[in-house]
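The values are calculated or read from the model by the stated rules, or taken from the named source; none is laboratory data. Source: prediction; values computed, not measured. Note that we place each Cβ from the backbone using ideal geometry, even for glycine, and neighbour counts take in every protein chain shown. In case anyone asks, the SASA skips ligands and DNA or RNA and just uses the protein heavy atoms, side chains included. Shrake-Rupley method; radii C 1.70, N 1.55, O 1.52, S 1.80 Å.
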Amino acid sequence: MKASELKNATVAELQTKSAELTKELFNVRFQLHTGRLENTSKMSTIKKDIARVQTVLSEKRG
């Protein structure tokens, strides 16, 4: 996911995307602790995506 793609989205879409990514991060953390996660780099990717969404949200609000 690129920041340029996110800048075209509305605030409501960004909030929805943030909620989806947060749920996905929870699921990945759960898989990590139960030993079922195969790709550990997925956690850092999701965290970075959440940060991108939150950054664009703050730019649009402020």
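Figures for the structure shown
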item: Residue-span extension gain [Thr45 to Glu20] - 0.36 nm each, minus C-alpha spacing; result: 7.6 nm
item: Of all accessible heavy-atom area on the chain, the percent that carbon and sulfur account for (1.4 Å); result: 50
item: Helix 11-34 axis, angle to the chain major axis (alpha carbon atoms, nearest 10°); result: 10
item: Mean separation of Cα contacts under 8 Å, 6 or more apart, over the residue count of the chain: relative contact order %; result: 51
item: Helix 41-61 axis, angle to the chain major axis (alpha carbon atoms, nearest 10°); result: 20
item: Whole-number accessible area per residue in Å² for the stretch 3-61, which is evaluated in the context of all protein chains at 1.4 Å; result: 72
item: Radius of gyration, Dmax [the chain; alpha carbons; angstrom]; result: 12.9, 41
item: Charge tally in the Cβ shell below 11 Å around Ile46, where Lys, Arg are +1 and Asp, Glu are -1, Ile46 excluded; result: +3
